[in-house]
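Participant: Pasting a structure below so you can have a look.
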Amino acid sequence: MVGVEGAFVVRLAGGRVLKARRILIATGVRDELPEIPGVRERWGRDLLHCPYCHGWEVRDQPIGVLGTVPGSVQHTQLVRPWSDDVVFFVHTYDLTPAEHVQLEARGVRIVRGEIARLVVEDDLLTGVALTDGRVIERAAVFIRPGNVPHADGLLTGLGCEADEAGFVTVDATGRTSTFGVWAAGNVVDPRAQVITAAGAGSTAAIAINADLVHEDVERAAADRVAGSASP
C-alpha cells in the first residue's frame, strides 16, 4: 500500500489494484502462544484466554492459569471469581513475594515447576503435566497471550505513530497521525472485544465520510470562486 498525491494505491495478493482517497485499517492482532505441547491444539477449546468471554462456560470447574508473560498473576485474579479451585502454574514466570501473598490471599494454589505439556484424553483437557512428572488435574486452562498487531509494518510504513507496545495511536474517531489513514479494532486496542471493535469501525467510517464530504465541499467552493474570477 502506498500513498500517492493524497490518494492510496492498494495492491491485493491476487494482483488487483484499488485506489482510495481515505483508508481504514482494521487488521486485528496475532496472538503469541507459548511453545508448550498441547497449547496450540487446545487453543479456543479448553485452553482459553479471556475471563469475560469464557469464564461462564467453565465456572465452578478446576481451572489453571499459566505463568508465561507479565500480567499472568493479574490474569489469574480475574479468573479467580469463576471458581474456588484455581491453580497458578508459575512455569517461567518471575513471581514476586507480593504476588505470592496476593494469590494465597485469594485462595489460589501456587504450583512451581516448568510445564511439560497439556494432558488430553478423549479430546478433552484433563490436566497439566510438569517436567518433574507431576500431573495436576484441570478441566480448563487460561493464559494471557502476547498480542502483536497484524500488518503493523503497513501502518508504521505509512508513517503512523505507535505506542511503546507497537499499537498505532489514534484520536477519538480512529484517525492516525498520517493524513487520510484511520485504524480501528484490535490493531489499535488489543483489549477490544467484537462489539467494541465494531463500534470503533463505525465511528471511523462516519469520520471518514465527513472528512471526504468536507474535502468535496472545499474543492467545489474553490472551483466556483475560480470560475467566477475568470474573465
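The values are calculated or read from the model by the stated rules, or taken from the named source; none is laboratory data. Just so we're clear, the structure is a prediction, and the values are computed from it rather than from any experiment. A quick note on method: Cβ atoms are made from the backbone with ideal geometry, for glycine too, and the neighbour counts reach across all protein chains shown.
Participant: Suppose the filter is within 28 Å of residue 51 (Cβ to Cβ) and assigned to a helix (DSSP H, G or I); does residue 227 pass it?
Facilitator: Numbers: within 28 Å of residue 51 (Cβ to Cβ): no; assigned to a helix (DSSP H, G or I): yes.
No: the conditions fail for residue 227.
Participant: Taking the range 28-47, which residues are assigned to a strand (DSSP E or B) and over 14 Å from the mean Cα position of the chain (by Cα)? Spell out how you get there, then give the answer.
Facilitator: Applying the first criterion (assigned to a strand (DSSP E or B)) to the range 28-47 yields 29-32, 43, 47.
Those that are assigned to a strand (DSSP E or B) and over 14 Å from the mean Cα position of the chain (by Cα): 43, 47.
Participant: Hey, another quick one. Would you mention how many residues in the range 113-169 are more than 16 Å from the chain's Cα centre (by Cα) and assigned to a strand (DSSP E or B)?
Facilitator: So the answer is 19.
Participant: Being surrounded by fewer than 20 Cβ atoms within 10 Å (Cβ to Cβ) and touching a strand residue (DSSP E or B) at 6+ places or on another chain (Cβ under 8 Å) is the filter here; which residues of the range 148-159 pass it?
Facilitator: Across the range 148-159, the qualifying residues are 148, 150, 151, 152, 154, 156.
Participant: A further question follows. Which members of the range 185-204 meet the condition of being buried (at least 22 other Cβ atoms within 10 Å of the Cβ) and assigned to a helix (DSSP H, G or I)? Walk me through it before giving the result.
Facilitator: Our first condition is that a residue be buried (at least 22 other Cβ atoms within 10 Å of the Cβ); within the range 185-204, this holds for 185-188, 200, 204.
If the condition is that a residue be buried (at least 22 other Cβ atoms within 10 Å of the Cβ) and assigned to a helix (DSSP H, G or I), then 185, 186, 187, 200, 204 are the ones that fit.
Participant: Scan the range 10-23 and tell me whether some residue there is part of a loop (DSSP other than H, G, I, E, B), modelled with pLDDT under 90, touching a strand residue (DSSP E or B) at 6+ places or on another chain (Cβ under 9 Å) and not assigned by TED's automatic domain parsing to the domain that holds residue 72. Before the answer, list the steps.
Facilitator: Step one: filter the range 10-23 for residues part of a loop (DSSP other than H, G, I, E, B), giving 12-16, 21-22.
When the remaining residues are screened for being modelled with pLDDT under 90, the result is 12-13.
If we keep only those that are touching a strand residue (DSSP E or B) at 6+ places or on another chain (Cβ under 9 Å) too, we end up with 12.
Imposing the further condition that a residue be not assigned by TED's automatic domain parsing to the domain that holds residue 72 reduces the set to 12.
There is at least one residue in the range 10-23 that is part of a loop (DSSP other than H, G, I, E, B), modelled with pLDDT under 90, touching a strand residue (DSSP E or B) at 6+ places or on another chain (Cβ under 9 Å) and not assigned by TED's automatic domain parsing to the domain that holds residue 72.
Participant: Looking at 70, 97, 37 in this structure, which one is touching a Lys or Arg at 6+ places or on another chain (Cβ under 6 Å) and surrounded by fewer than 19 Cβ atoms within 10 Å (Cβ to Cβ)?
Facilitator: Matching residue, one of 70, 97, 37: 37.
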